[in-house]
Amino acid sequence: MLKKIQCVVLILASLYEVNAYRYLVVSPIPIKSHAILGDALVDCLVNAGHEVTYITTFVPEKLPSQVTIIDVSENIKHLPTDETFNITTVIDNTNKINSIVYMISMMMDISKATIQNPNVQKLIADRTQKFDAVISEWMLNEVYAGFAGIFNCPLIWFSSVEPHWGILQLVDELPNPAYTASLSSDYVPPLTFKQRVTELYYQITERLIKIFWISGLEHSIYNNLFVPVIRDRHNSVPPFEILRYNASLILSNSHLSMSTAAKLPPNVIYIGGYHIKSNVKPLPKDLQQLMDIAKHGVIYFSMGSTLRSKNFPDDVKKELLKMFGKLKQTVIWKFEEQLPNSPSNVHIVQWAPQQSILAHKNCILFITHGGLLSTTETVHFGVPIIGIPVFGDQFVNVARAVKKGFALRVDLSYTIASDLEIAIGEILNNPKYTTRIAELSQIYHDRPVPPAKELVHWVEHVVKTRGAIHLRSPALMVPWYQKLYIDLILGTVVIVLVSKYVLKFIHSILFMKRKEKVN
Ligand SMILES: *[C@@H]1O[C@H](CO)[C@@H](O)[C@H](O)[C@H]1NC(C)=O
């Protein structure tokens, strides 16, 4: 009997092997939340039986045998230091990370460092390496398209945020700024007149930055670092502009329950929430007990994994503790240090199993920095939030949450404790926030297949159909002057002018003839 079962298992396993693909996953941004998304992506692919070579900054501790790590942990040194970027510099408005120009140049440095990293160099120089597709995170430039040129395989972009013009123009046309927010904006459509004009301004300036600055850097990175390798492998070297616009798919880490409905070509797929496991890990015993007995509910406070709470100014820390102490609720505060004299209802934890806490039925409010992972998880588990945005997409995530009606925004400032007190009072006493998040959570969960499955399906679809050309929008191929029918307009003008001239000419000949006759 045992032999038979073994046999069946072997046969099944061999069938499974037939559909195993090899992916190169490029997710080297040295920011923890991006690495969580990268790890989860690798996890989905491995669970579906595929092999993955994974370029990452944070090497995971446990690794399945199908994963080969390409370690680029040196990328960490390209992040802003603790001195230039921490909670106090944000409060004082002296940090520069919120400038798009700063972000662009930081991400460009990271892209270049990644490709130059000796481990990556070894990978691309190895002519025996073959992949069925490259899946690369998009972060303000497209240089990683070069990997698809090297391995001569389909390219899939992974975008950590909801679709915006920078990513949509790679597979379709530029979205209309009158109702599509750009990456650096925190407006949520429908837009007012002023917002519409600002969005137009953003799109134009960002396009100019792209054309006159980024594009040059991309080309030089491609020519210096990719072209020699491609030439070594293949007979012809595709131009960078071809590779840039040759993506088969965009995986968008967002979902309509959290974002604005957008016009998308069929190769842009929402996968928001794929990083959340369907069975949440149980809480550690002490937290489980703490949450079980909290009869007035639990407020969970975390500023995410990048900001260090220890950089909160001391006075602000004291006031926060005092304010939390006045509440009936139990407060779980994720904080890297123990605070003296904390009130009995405040529990400081250095590390928090966030998903397990949000999943507990007594968790009634989440105070968060509004990172995309946190806002996704809060919709998944149905907990209203108070958002304290600090940088990047946190502003738009919180703005969206406020507009959707399940959040209040509080700004990081020296008066944050009293501002938070008011917001907490409002959310706990007005049931509309909890009702709304329950509605959105229902929308979020009501999908034909869970996002992790959908992700795997589309990625496999690209490989099976050799690049899924049938999903591509024809708009990508049509130049702007043809879309605006400038050629038709010019043609018509020319025909009108020419015919006018010809008519005049004929007229003048006839007229002259008649004149001659008269004479
Ligand atoms: C563009 O993508 C398709 C589908 O993945 C692929 O067959 C083709 O070789 C790619 N073109 C270039 C120049 O890499």
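The values are calculated or read from the model by the stated rules, or taken from the named source; none is laboratory data. Keep in mind the model is a prediction, meaning the values are calculated, not measured. Every residue, glycine as well, gets a Cβ built from its backbone with ideal geometry; the counts of neighbours run over all protein chains shown. The protein model used for the area step is the full one, side chains on, heavy atoms only, and it has no ligands, DNA or RNA in it. Shrake-Rupley method; radii C 1.70, N 1.55, O 1.52, S 1.80 Å.
Points to keep in mind about this one:
- Separation in nanometres of the label points that stand 7 Å from Cα toward Cβ, at ILE211 and ALA475: 1.9
- Fully extending the segment from ILE443 to ILE242 would add 68.5 nm, taking 0.36 nm per residue of separation and subtracting the current Cα-Cα distance.
- Residues within the reach of a label modelled at LYS432 (point 7 angstrom out along Cα to beta-carbon, backbone nitrogen below 13 Å), restricted to region 394-422, are 402-408.
- A simple charge model with +1 on the Cβ of Lys and Arg, -1 on the Cβ of Asp and Glu and nothing else charged puts the dipole of the chain at about 1700 debye relative to its Cα centre.
- Point-charge dipole on Cβ atoms (K/R +1, D/E -1) for region 164-301, about Cα centre, debye to 20: 220
- Nearby aspartates and glutamates by direct alpha-carbon distance to LYS194 (threshold 19 angstrom, same-chain neighbours under 8 apart not counted): ASP186, GLU206
- Given charges at Cβ of Lys, Arg, Asp, Glu: the chain dipole, positive-most of LEU497, ALA125, MET291: LEU497
- Volume in Å³ per residue [convex hull over Cα atoms, computed for region 353-439]: 89
- With every protein chain in place and a 1.4 angstrom probe, the accessible-area ranking of ILE486, ILE443, ILE124, largest first, reads ILE443, ILE486, ILE124.
- C-alpha long axis of helix 100-116 to longest principal axis of the chain, angle in °: 90
- Magnitude of the charge dipole, region 100-195, Cβ model with Lys/Arg +1 and Asp/Glu -1, debye to 20: 280
- Exposure rank, largest accessible area first [THR492, THR330; 1.4 Å]: THR492, THR330
- For ARG207, solvent-accessible area (1.4 Å; no DNA, RNA or ligand), Å²: 80
- Remark: spin-label model distance GLN121-VAL59 equals 1.9 nm, labels positioned 7 Å along the Cα→Cβ axis.
- Positive-end extreme of charge dipole, region 285-445 - chosen from ASN430, SER309, LEU358 (charges on Cβ): ASN430
- Ellipticity estimate at 222 nm from DSSP helix runs (n ≥ 4, -39,500 (n - 2.57)) divided over the chain, nearest 500: -14000 deg cm²/dmol
- Efficiency of FRET between TRP351 and LEU490 - r from beta-carbon atoms, R0 51 angstrom, step 0.05: 0.20
- Ordered from highest to lowest accessible area with the whole protein assembly present and a 1.4 Å probe, LYS483, LYS277, LYS361 read as LYS361, LYS277, LYS483.
- Remark: for residue pairs LYS62/LYS112; LYS32/LYS77; LYS328/LYS361; LYS32/LYS326, the C-alpha separation exceeds 24 Å in LYS62/LYS112; LYS32/LYS326.
- Inter-label distance for THR68 and LYS483, nm, one decimal - labels placed 7 Å from Cα along Cα-to-Cβ: 4.0
- Evaluated at q = 0.06, 0.08, 0.09 Å⁻¹: base-10 log I(q)/I(0), Debye formula over Cα of the chain: -0.35, -0.58, -0.72
- Over all pairs of different C-alpha atoms, region 285-445 has a mean inverse distance whose reciprocal, the Kirkwood radius, equals 15.6 Å.
- Accessible surface of region 409-499 [probe 1.4 Å, protein heavy atoms]: carbon and sulfur percent: 66
- Binning the alpha carbon pair distances of region 402-519 at 10 angstrom intervals from zero yields the distribution 10, 14, 12, 14, 15, 12, 8, 7, 6, 3, 0, expressed in whole percent.
- Folded to 0 to 90 degrees: helix 372-381 orientation relative to the chain principal axis, Cα: 60
- Per residue, the chain exposes 50 Å² of solvent-accessible protein surface, assessed with a 1.4 angstrom probe and all protein chains in place.
- Gain on full stretching of the segment that runs from HIS507 to LYS326 - 0.36 nm per residue minus C-alpha separation: 55.6 nm
- Nearest-10 value in Å² for the accessible area of ASP232, using the 1.4 Å probe: 80
- A full extension of the chain between HIS296 and ASN47 corresponds to an added length of 85.6 nm, given 0.36 nm per residue minus the alpha carbon distance.
- Angle between the chain longest axis and helix 314-325 axis [Cα atoms, degrees, rounded to 10]: 70
- Volume of the Cα convex hull of region 21-141, divided per residue and given in Å³: 111
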